[in-house]
Amino acid sequence: MDTMEKILSRKSVRQYKAKPVPREVINEILHAAMSAPSAGNERPWHFIVLTDRALLDEIPKFHPYSAMLKQAGVAVLVCGDTTLEKHKGCWVLDCAAATENMLLAVHAKGLGAVWCGVYPTEDRVLNLRKLLNVPEHIVPFSLIPIGFPAEDKKAGDRFDGSRVHENRW
Ligand SMILES: Cc1cc2nc3c(=O)[nH]c(=O)nc-3n(C[C@H](O)[C@H](O)[C@H](O)COP(=O)(O)O)c2cc1C
């Protein structure tokens, strides 16, 4: 499949098979994440690879939309290092770009994932920081459970011509 097909067919996957995701594949996905564009090439990201069952099970206790973590063998927490930011406010945008790169890489590898929102919901940020010993200057941004898909979701066409403007609004 080519890149356009992958982008157009990506869907959030929230059910996973018990089959473990090889660590080499996670490393490839992290490679894709770190290839994302960033403001002034600041690359403010850090990634916490979570495989500890007890930790994965703890998160849905404070994150109401992350129940799929109980099924996932692995999840990646994308974090932003605010001290690496060269352009004010851009760490968030950079981490979003890295997150989307990960989702597309996951899909390209035949795996499934979903973006679980963390930042800017304060209690999720604080709870994850506490659970995973994340230092103050590092902000948990998004959490991505990854697994072999146990659901087959087809993407519909979301193109909306009314959102496209030519030259002026
Ligand atoms: C910033 C952000 C936060 C999200 N948070 C969650 C979440 O906490 N839990 C979840 O199941 N899905 C979450 N999603 C996934 C969206 O629900 C999903 O992308 C949207 O419904 C569109 O579906 P699709 O990804 O299958 O195209 C989030 C997506 C984004 C971009």
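Rule-based calculations on the coordinates, nothing more; no lab input. Note that the structure is predicted; figures quoted are calculated from it, not measured. Don't worry about glycine lacking a Cβ; one is built from the backbone with ideal geometry, like all the others, and counts go over all protein chains shown.
Here are a few things to note about the model shown:
- Of all residue pairs spaced 6 or more apart or on separate chains, those with beta-carbon atoms under 9 Å, a first member in region 44-73 that is β-branched (Val, Ile, Thr) and a second member that is loosely packed, with under 14 Cβ neighbours inside 10 Å and assigned to a loop (DSSP other than H, G, I, E, B) are 51/20.
- Members of region 62-111 that are touching a strand residue (DSSP E or B) at 6+ places or on another chain (Cβ under 9 Å), within 12 Å of the ligand (Cβ to nearest atom), farther than 30 Å from residue 2 by Cβ and of a type in the set (Gly, Ala, Ser): 66
- For region 124-141, filtering for residues that are in contact (Cβ under 8 Å) with a residue 24 or more places away in the chain, more than 10 Å from the ligand (Cβ to nearest atom) and under 30 Å from residue 19 (Cβ atoms) leaves 6.
- Of all the listed residues (155, 97), the sole one being of a type in the set (Gly, Ala, Ser) and part of a helix (DSSP H, G or I) is 97.
- Region 42-78, subset touching a Phe, Trp or Tyr at 6+ places or on another chain (Cβ under 9 Å) and over 18 Å from residue 105 (Cα atoms), residue surrounded by the most Cβ atoms within 10 Å (Cβ to Cβ): 44
- Residues that are surrounded by 15 or more Cβ atoms within 10 Å (Cβ to Cβ), within 16 Å of the ligand (Cβ to nearest atom) and not in a loop (DSSP other than H, G, I, E, B), drawn from region 8-41: 16, 33
- Residue within region 111-123 that is touching a residue at least 24 places away in the same chain (Cβ under 8 Å), crowded, with 17+ Cβ neighbours inside 10 Å and charged (D, E, K, R) present: no
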